[in-house]
Amino acid sequence: MSVEFEYWWLLALPLFFTLGWIAARVDIKQLISESTTLPAAYFKGLNFLISDQHHKAVEAFTEAININNDSLELHFALGSLFRRTGETDRAIHLHLNLLEKKELTEPQKNAVKAELAQDYLKAGLFDRAEELFKGLDDTRYRQPALRSLLEIYVREREWSQAIAMATELERLSGVPFRKEIAQYYCELAMNAIIAEENATAKELLSEALEANKTCVRANVLLGDIEAKSGSHNAAISYWKRIEFQQPEFLGLVANKMLKSYAAAGNTGLKDGLAQLEYYLETYQLPSLVTVLYEATLAQEGAEAAAKLARNELIRKPNLKVLDQLLQARAMVNDNQQDIQLMQQTVRNAIGDRAAYHCNQCGFRAKQYHWQCPACNAWESLPSEPSEATVRDIKLINRK
Ligand SMILES: [Zn+2]
(Lines give C-alpha, C1' and ligand atoms only; values in the text may rest on other atoms or scores of the structure.)
Protein backbone atom coordinates (compact mmCIF):
# COMPACT_ATOMS: atom_id res chain seq x y z
CA MET A 1 0.00 0.00 0.00
CA SER A 2 2.57 2.48 1.14
CA VAL A 3 4.87 1.80 -1.82
CA GLU A 4 2.08 2.56 -4.25
CA PHE A 5 1.35 5.85 -2.49
CA GLU A 6 4.98 7.06 -2.69
CA TYR A 7 5.11 6.14 -6.38
CA TRP A 8 2.20 8.46 -7.24
CA TRP A 9 3.70 11.19 -5.11
CA LEU A 10 6.92 11.03 -7.13
CA LEU A 11 4.98 11.35 -10.38
CA ALA A 12 3.22 14.46 -9.07
CA LEU A 13 6.43 16.28 -8.16
CA PRO A 14 7.54 17.36 -11.68
CA LEU A 15 4.00 18.60 -12.23
CA PHE A 16 4.33 20.92 -9.21
CA PHE A 17 7.66 22.19 -10.44
CA THR A 18 6.17 23.00 -13.83
CA LEU A 19 3.24 24.81 -12.28
CA GLY A 20 5.61 26.79 -10.03
CA TRP A 21 7.77 27.74 -13.00
CA ILE A 22 4.77 29.01 -14.96
CA ALA A 23 3.54 31.01 -11.98
CA ALA A 24 6.97 32.59 -11.54
CA ARG A 25 7.14 33.51 -15.24
CA VAL A 26 3.77 35.23 -14.98
CA ASP A 27 4.89 37.17 -11.90
CA ILE A 28 8.12 38.28 -13.57
CA LYS A 29 6.25 39.31 -16.72
CA GLN A 30 3.84 41.39 -14.68
CA LEU A 31 6.73 42.97 -12.77
CA ILE A 32 8.54 43.88 -15.98
CA SER A 33 5.44 45.44 -17.53
CA GLU A 34 4.85 47.47 -14.34
CA SER A 35 8.40 48.65 -13.98
CA THR A 36 8.64 49.83 -17.59
CA THR A 37 6.08 52.48 -16.69
CA LEU A 38 8.60 53.81 -14.13
CA PRO A 39 11.46 55.79 -15.69
CA ALA A 40 14.99 54.44 -15.32
CA ALA A 41 15.85 57.57 -13.39
CA TYR A 42 13.61 56.27 -10.62
CA PHE A 43 15.84 53.23 -10.13
CA LYS A 44 18.91 55.40 -10.33
CA GLY A 45 17.39 57.49 -7.55
CA LEU A 46 16.73 54.40 -5.47
CA ASN A 47 20.34 53.33 -5.84
CA PHE A 48 21.55 56.73 -4.65
CA LEU A 49 19.16 56.47 -1.70
CA ILE A 50 20.49 53.07 -0.72
CA SER A 51 24.05 54.39 -0.79
CA ASP A 52 22.99 57.46 1.26
CA GLN A 53 23.78 59.95 -1.54
CA HIS A 54 20.70 62.07 -0.89
CA HIS A 55 21.50 65.01 -3.14
CA LYS A 56 22.15 62.79 -6.15
CA ALA A 57 18.94 60.91 -5.34
CA VAL A 58 17.08 64.24 -5.41
CA GLU A 59 18.43 64.93 -8.93
CA ALA A 60 17.44 61.47 -10.15
CA PHE A 61 13.93 61.69 -8.71
CA THR A 62 13.42 65.16 -10.17
CA GLU A 63 14.38 63.74 -13.56
CA ALA A 64 11.97 60.84 -13.03
CA ILE A 65 9.13 63.23 -12.25
CA ASN A 66 9.87 65.23 -15.41
CA ILE A 67 9.41 62.04 -17.40
CA ASN A 68 6.44 60.69 -15.45
CA ASN A 69 4.59 63.60 -13.89
CA ASP A 70 1.52 61.55 -13.01
CA SER A 71 2.97 59.38 -10.29
CA LEU A 72 2.02 60.67 -6.84
CA GLU A 73 4.39 58.17 -5.24
CA LEU A 74 7.33 59.73 -7.08
CA HIS A 75 6.35 63.16 -5.81
CA PHE A 76 6.07 61.85 -2.27
CA ALA A 77 9.47 60.16 -2.51
CA LEU A 78 11.05 63.39 -3.70
CA GLY A 79 9.22 65.44 -1.07
CA SER A 80 10.38 63.21 1.75
CA LEU A 81 13.92 63.43 0.38
CA PHE A 82 13.70 67.23 0.44
CA ARG A 83 12.63 67.05 4.06
CA ARG A 84 15.47 64.75 4.94
CA THR A 85 18.06 66.98 3.28
CA GLY A 86 16.64 70.00 5.10
CA GLU A 87 15.21 71.61 1.94
CA THR A 88 11.77 72.01 3.49
CA ASP A 89 10.87 75.00 1.32
CA ARG A 90 11.29 72.84 -1.80
CA ALA A 91 9.15 70.09 -0.22
CA ILE A 92 6.44 72.62 0.61
CA HIS A 93 6.57 74.05 -2.92
CA LEU A 94 6.32 70.59 -4.45
CA HIS A 95 3.28 69.55 -2.39
CA LEU A 96 1.49 72.91 -2.76
CA ASN A 97 1.94 72.60 -6.53
CA LEU A 98 0.39 69.16 -6.45
CA LEU A 99 -2.63 70.46 -4.55
CA GLU A 100 -3.10 73.38 -6.93
CA LYS A 101 -2.45 71.88 -10.32
CA LYS A 102 -3.40 68.25 -10.18
CA GLU A 103 -6.85 66.84 -10.43
CA LEU A 104 -6.84 64.70 -7.35
CA THR A 105 -9.40 62.45 -5.73
CA GLU A 106 -10.33 63.16 -2.12
CA PRO A 107 -8.12 60.36 -0.66
CA GLN A 108 -5.20 61.58 -2.82
CA LYS A 109 -5.69 65.14 -1.59
CA ASN A 110 -5.56 63.85 1.98
CA ALA A 111 -2.33 62.01 1.22
CA VAL A 112 -0.75 65.20 -0.18
CA LYS A 113 -1.96 67.21 2.83
CA ALA A 114 -0.44 64.65 5.20
CA GLU A 115 2.91 65.13 3.41
CA LEU A 116 2.58 68.92 3.42
CA ALA A 117 1.81 68.90 7.15
CA GLN A 118 5.06 66.98 7.73
CA ASP A 119 6.91 69.63 5.68
CA TYR A 120 5.49 72.43 7.85
CA LEU A 121 6.35 70.51 11.01
CA LYS A 122 9.93 69.99 9.86
CA ALA A 123 10.17 73.67 8.87
CA GLY A 124 8.97 74.73 12.34
CA LEU A 125 5.80 76.31 10.93
CA PHE A 126 3.73 74.79 13.73
CA ASP A 127 0.54 76.82 13.19
CA ARG A 128 0.19 75.69 9.59
CA ALA A 129 1.16 72.10 10.45
CA GLU A 130 -1.39 72.06 13.27
CA GLU A 131 -4.18 73.28 11.01
CA LEU A 132 -3.48 70.60 8.39
CA PHE A 133 -3.05 67.78 10.89
CA LYS A 134 -6.35 68.72 12.53
CA GLY A 135 -8.13 68.52 9.17
CA LEU A 136 -6.89 64.99 8.45
CA ASP A 137 -9.96 63.08 9.58
CA ASP A 138 -9.25 60.19 7.21
CA THR A 139 -8.71 57.28 9.61
CA ARG A 140 -5.57 56.24 7.75
CA TYR A 141 -3.78 59.45 8.80
CA ARG A 142 -5.49 59.94 12.17
CA GLN A 143 -2.87 58.24 14.38
CA PRO A 144 0.26 59.74 12.76
CA ALA A 145 -1.51 63.14 12.76
CA LEU A 146 -2.28 62.83 16.48
CA ARG A 147 1.35 61.91 17.17
CA SER A 148 2.57 64.97 15.27
CA LEU A 149 0.03 67.21 17.01
CA LEU A 150 1.18 65.86 20.37
CA GLU A 151 4.78 66.65 19.40
CA ILE A 152 3.75 70.21 18.46
CA TYR A 153 1.82 70.82 21.70
CA VAL A 154 4.65 69.51 23.87
CA ARG A 155 7.15 71.71 22.02
CA GLU A 156 4.90 74.72 22.42
CA ARG A 157 4.13 73.75 26.03
CA GLU A 158 0.38 73.68 25.40
CA TRP A 159 -0.24 71.05 28.01
CA SER A 160 -4.06 70.89 27.98
CA GLN A 161 -3.98 70.16 24.26
CA ALA A 162 -1.19 67.63 24.80
CA ILE A 163 -3.34 65.81 27.38
CA ALA A 164 -6.25 65.67 24.90
CA MET A 165 -4.03 64.29 22.10
CA ALA A 166 -2.32 61.71 24.32
CA THR A 167 -5.67 60.52 25.68
CA GLU A 168 -7.07 60.12 22.16
CA LEU A 169 -3.90 58.36 20.97
CA GLU A 170 -4.10 55.98 23.89
CA ARG A 171 -7.69 55.17 22.98
CA LEU A 172 -6.91 54.59 19.28
CA SER A 173 -3.61 52.76 19.56
CA GLY A 174 -3.88 50.98 22.91
CA VAL A 175 -0.37 52.23 23.73
CA PRO A 176 -0.36 53.72 27.26
CA PHE A 177 0.53 57.39 27.73
CA ARG A 178 -0.11 57.49 31.52
CA LYS A 179 3.40 58.62 32.50
CA GLU A 180 3.36 61.45 29.95
CA ILE A 181 -0.19 62.58 30.77
CA ALA A 182 0.70 62.82 34.48
CA GLN A 183 3.74 64.93 33.58
CA TYR A 184 1.59 67.25 31.42
CA TYR A 185 -0.68 67.77 34.46
CA CYS A 186 2.41 68.52 36.57
CA GLU A 187 3.51 71.12 34.00
CA LEU A 188 0.05 72.74 34.22
CA ALA A 189 0.34 72.65 38.02
CA MET A 190 3.76 74.34 37.79
CA ASN A 191 2.12 77.20 35.86
CA ALA A 192 -0.58 77.48 38.52
CA ILE A 193 2.05 77.52 41.30
CA ILE A 194 3.90 80.34 39.55
CA ALA A 195 0.61 82.24 39.24
CA GLU A 196 0.09 81.57 42.99
CA GLU A 197 -3.12 79.65 42.35
CA ASN A 198 -2.52 76.90 44.86
CA ALA A 199 -6.01 75.43 44.86
CA THR A 200 -5.89 74.96 41.08
CA ALA A 201 -2.39 73.51 41.34
CA LYS A 202 -3.51 70.95 43.91
CA GLU A 203 -6.45 69.89 41.72
CA LEU A 204 -4.13 69.44 38.74
CA LEU A 205 -1.71 67.41 40.81
CA SER A 206 -4.45 65.08 41.97
CA GLU A 207 -5.33 64.66 38.27
CA ALA A 208 -1.69 63.74 37.70
CA LEU A 209 -1.87 61.08 40.40
CA GLU A 210 -5.16 59.90 38.94
CA ALA A 211 -3.44 59.43 35.57
CA ASN A 212 -0.38 57.74 37.05
CA LYS A 213 -0.37 56.79 40.70
CA THR A 214 3.41 56.37 40.71
CA CYS A 215 3.95 59.98 39.58
CA VAL A 216 6.60 61.09 42.10
CA ARG A 217 6.70 64.62 40.78
CA ALA A 218 3.06 65.22 41.81
CA ASN A 219 3.86 64.43 45.45
CA VAL A 220 7.08 66.47 45.31
CA LEU A 221 5.05 69.49 44.13
CA LEU A 222 2.16 68.91 46.57
CA GLY A 223 4.73 68.93 49.40
CA ASP A 224 6.37 72.07 47.98
CA ILE A 225 3.03 73.91 47.99
CA GLU A 226 2.36 72.96 51.65
CA ALA A 227 5.89 73.79 52.80
CA LYS A 228 5.75 77.17 51.10
CA SER A 229 2.54 78.05 52.89
CA GLY A 230 4.02 76.93 56.21
CA SER A 231 2.11 73.63 56.59
CA HIS A 232 5.24 71.60 57.22
CA ASN A 233 3.58 68.48 58.61
CA ALA A 234 1.32 68.29 55.56
CA ALA A 235 4.38 68.74 53.32
CA ILE A 236 6.22 65.93 55.08
CA SER A 237 3.27 63.56 54.72
CA TYR A 238 3.14 64.17 50.94
CA TRP A 239 6.86 63.55 50.55
CA LYS A 240 6.65 60.41 52.67
CA ARG A 241 4.26 58.95 50.05
CA ILE A 242 7.15 58.78 47.58
CA GLU A 243 8.45 55.78 49.52
CA PHE A 244 5.38 53.84 48.38
CA GLN A 245 5.59 55.12 44.80
CA GLN A 246 9.23 54.89 43.74
CA PRO A 247 11.49 54.96 46.85
CA GLU A 248 14.60 55.51 44.72
CA PHE A 249 13.45 59.12 44.29
CA LEU A 250 13.52 59.90 48.04
CA GLY A 251 16.88 61.62 47.57
CA LEU A 252 15.08 64.38 45.64
CA VAL A 253 13.13 65.46 48.74
CA ALA A 254 15.56 64.51 51.54
CA ASN A 255 16.86 68.03 52.02
CA LYS A 256 13.44 69.69 51.90
CA MET A 257 12.07 67.08 54.24
CA LEU A 258 14.75 67.80 56.82
CA LYS A 259 14.09 71.54 56.58
CA SER A 260 10.35 71.01 57.09
CA TYR A 261 11.02 68.70 60.05
CA ALA A 262 13.21 71.43 61.57
CA ALA A 263 10.58 74.12 60.87
CA ALA A 264 7.84 71.99 62.44
CA GLY A 265 9.59 72.56 65.77
CA ASN A 266 9.83 70.47 68.95
CA THR A 267 11.81 67.29 68.32
CA GLY A 268 11.40 67.99 64.60
CA LEU A 269 14.96 67.85 63.37
CA LYS A 270 15.76 64.77 65.44
CA ASP A 271 12.72 63.00 63.97
CA GLY A 272 13.79 64.11 60.52
CA LEU A 273 17.28 62.68 60.94
CA ALA A 274 15.80 59.42 62.22
CA GLN A 275 13.47 59.27 59.21
CA LEU A 276 16.33 59.81 56.75
CA GLU A 277 18.50 57.26 58.57
CA TYR A 278 15.67 54.76 58.16
CA TYR A 279 15.48 55.56 54.42
CA LEU A 280 19.24 55.18 54.07
CA GLU A 281 19.20 51.88 55.95
CA THR A 282 16.35 50.55 53.80
CA TYR A 283 17.10 51.92 50.32
CA GLN A 284 20.83 52.81 50.47
CA LEU A 285 20.60 55.87 48.27
CA PRO A 286 23.93 57.73 47.90
CA SER A 287 22.24 61.16 47.88
CA LEU A 288 20.82 60.46 51.34
CA VAL A 289 24.36 60.03 52.70
CA THR A 290 25.22 63.57 51.57
CA VAL A 291 22.11 65.13 53.13
CA LEU A 292 22.57 63.17 56.37
CA TYR A 293 26.28 64.00 56.50
CA GLU A 294 25.71 67.74 56.12
CA ALA A 295 22.91 67.72 58.72
CA THR A 296 24.90 65.63 61.19
CA LEU A 297 27.92 67.88 60.77
CA ALA A 298 25.79 70.97 61.45
CA GLN A 299 23.82 69.45 64.34
CA GLU A 300 26.12 67.05 66.11
CA GLY A 301 29.59 68.11 65.01
CA ALA A 302 32.55 66.62 63.17
CA GLU A 303 32.98 63.49 65.30
CA ALA A 304 29.43 62.30 64.64
CA ALA A 305 29.69 63.20 60.95
CA ALA A 306 33.00 61.29 60.64
CA LYS A 307 31.38 58.27 62.27
CA LEU A 308 28.52 58.35 59.79
CA ALA A 309 30.88 58.61 56.81
CA ARG A 310 33.11 55.84 58.20
CA ASN A 311 30.17 53.45 58.65
CA GLU A 312 28.97 54.22 55.16
CA LEU A 313 32.44 53.60 53.70
CA ILE A 314 32.67 50.24 55.44
CA ARG A 315 29.37 49.31 53.87
CA LYS A 316 30.23 50.55 50.39
CA PRO A 317 33.45 52.18 49.09
CA ASN A 318 32.63 55.54 47.54
CA LEU A 319 34.93 58.48 46.75
CA LYS A 320 32.37 61.12 47.64
CA VAL A 321 31.90 59.63 51.12
CA LEU A 322 35.67 59.32 51.51
CA ASP A 323 35.84 63.04 50.73
CA GLN A 324 33.29 63.67 53.49
CA LEU A 325 35.19 61.48 55.96
CA LEU A 326 38.41 63.40 55.24
CA GLN A 327 36.62 66.73 55.66
CA ALA A 328 35.22 65.70 59.04
CA ARG A 329 38.59 64.28 60.11
CA ALA A 330 40.35 67.51 59.15
CA MET A 331 38.07 69.34 61.58
CA VAL A 332 38.96 67.16 64.58
CA ASN A 333 42.50 66.06 63.78
CA ASP A 334 45.90 67.71 64.30
CA ASN A 335 47.36 66.50 60.99
CA GLN A 336 45.18 68.91 59.14
CA GLN A 337 47.66 69.58 56.38
CA ASP A 338 48.04 65.90 55.44
CA ILE A 339 44.33 65.30 55.55
CA GLN A 340 43.57 68.35 53.44
CA LEU A 341 46.07 67.10 50.88
CA MET A 342 44.37 63.74 50.78
CA GLN A 343 41.02 65.41 50.46
CA GLN A 344 42.29 67.58 47.60
CA THR A 345 43.54 64.48 45.79
CA VAL A 346 40.23 62.70 46.19
CA ARG A 347 38.34 65.78 44.97
CA ASN A 348 40.55 65.96 41.90
CA ALA A 349 39.81 62.33 41.18
CA ILE A 350 36.07 62.82 41.52
CA GLY A 351 36.03 66.15 39.74
CA ASP A 352 32.53 67.47 39.27
CA ARG A 353 31.67 64.64 37.00
CA ALA A 354 28.84 63.10 38.97
CA ALA A 355 25.75 63.62 36.83
CA TYR A 356 22.38 62.26 35.81
CA HIS A 357 22.74 60.33 32.55
CA CYS A 358 19.65 60.16 30.33
CA ASN A 359 18.88 56.50 29.62
CA GLN A 360 17.44 57.42 26.21
CA CYS A 361 20.13 59.63 24.69
CA GLY A 362 23.02 59.65 27.20
CA PHE A 363 22.75 63.38 27.93
CA ARG A 364 24.58 64.39 31.16
CA ALA A 365 22.75 66.77 33.48
CA LYS A 366 24.04 68.30 36.71
CA GLN A 367 20.49 68.86 37.96
CA TYR A 368 17.61 66.43 37.96
CA HIS A 369 15.10 67.08 35.13
CA TRP A 370 11.73 65.39 34.74
CA GLN A 371 12.07 65.88 30.98
CA CYS A 372 15.45 65.34 29.33
CA PRO A 373 16.61 68.72 27.94
CA ALA A 374 18.29 66.97 25.01
CA CYS A 375 15.84 64.34 23.75
CA ASN A 376 12.63 65.54 25.51
CA ALA A 377 11.91 62.07 26.95
CA TRP A 378 9.99 62.05 30.25
CA GLU A 379 11.49 60.52 33.41
CA SER A 380 14.47 59.22 31.46
CA LEU A 381 17.04 60.46 33.99
CA PRO A 382 17.95 58.07 36.82
CA SER A 383 16.85 59.04 40.34
CA GLU A 384 20.46 59.26 41.55
CA PRO A 385 23.43 60.92 39.84
CA SER A 386 26.11 58.42 38.91
CA GLU A 387 29.77 58.87 39.68
CA ALA A 388 31.35 59.28 36.30
CA THR A 389 34.57 57.69 37.57
CA VAL A 390 32.92 54.33 38.19
CA ARG A 391 30.94 54.58 34.97
CA ASP A 392 33.99 55.50 32.91
CA ILE A 393 35.92 52.56 34.28
CA LYS A 394 33.08 50.28 33.24
CA LEU A 395 33.04 51.83 29.77
CA ILE A 396 36.79 51.41 29.40
CA ASN A 397 36.54 47.76 30.49
CA ARG A 398 33.84 47.15 27.92
CA LYS A 399 36.11 48.41 25.16
ZN1 LIG B 1 17.73 62.30 26.72
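The values are calculated or read from the model by the stated rules, or taken from the named source; none is laboratory data. Given the structure is predicted, the values throughout are model-derived calculations rather than measurements. No Cβ is skipped: glycine too gets one built from the backbone with ideal geometry, and neighbour counts run over all protein chains shown. Just so you know, the surface numbers come from the protein's heavy atoms only, side chains and all, with ligands and any DNA or RNA stripped out. Shrake-Rupley method; radii C 1.70, N 1.55, O 1.52, S 1.80 Å.
Structure notes:
- Global form of the range 301-351, assessed from the alpha-carbon gyration tensor, a/c cut-off 1.5: oblate
- When SER206, SER383 are compared by accessible surface with a 1.4 Å probe, the order from highest to lowest is SER206, SER383.
- Taking other residues whose beta carbon is less than 12 angstrom from the beta carbon of SER383, and scoring Lys, Arg as +1 and Asp, Glu as -1, yields -2.
- Links that overshoot a 32 Å alpha carbon limit, given the list LYS122/LYS202; LYS179/LYS307; LYS256/LYS320; LYS122/LYS256; LYS56/LYS179: LYS122/LYS202; LYS179/LYS307; LYS122/LYS256; LYS56/LYS179
- Set of lysines with alpha-carbon distance to LYS259 below 19 Å, sequence-local pairs under 8 removed: LYS228, LYS240, LYS270
- Whole-Hz Karplus values for the range 203-211 come out as 4, 5, 5, 6, 5, 4, 5, 5, 5 Hz, taken residue by residue from phi with 6.51 cos²θ - 1.76 cosθ + 1.60 and θ = phi - 60°; glycine and proline positions read x.
- Averaged per residue, the range 244-284 has 53 square angstrom of accessible surface, using a 1.4 angstrom probe with ligands and nucleic acids left out.
- Amide H contacts under 5 Å for GLU379, placed H, 5+ residues apart: GLN371, CYS372
- Separation between Cα centres of the range 162-221 and the range 243-278, rounded to whole Å: 25 Å
- Here the accessible area of the range 301-351 is 50 percent carbon and sulfur, with a 1.4 angstrom probe and all protein chains present.
- Cα gyration tensor category, rounded, prolate or oblate, for the range 244-367 with a/c compared to 1.5: oblate
- Distance between the 7 Å Cα→Cβ label points at LEU99 and SER160: 2.8 nm.
- Working note: Debye formula, equal point scatterers on the alpha-carbon atoms of the range 31-136, no solvent; log10 I(q)/I(0) at q = 0.15, 0.16, 0.21 Å⁻¹ is -0.63, -0.71, -1.10.
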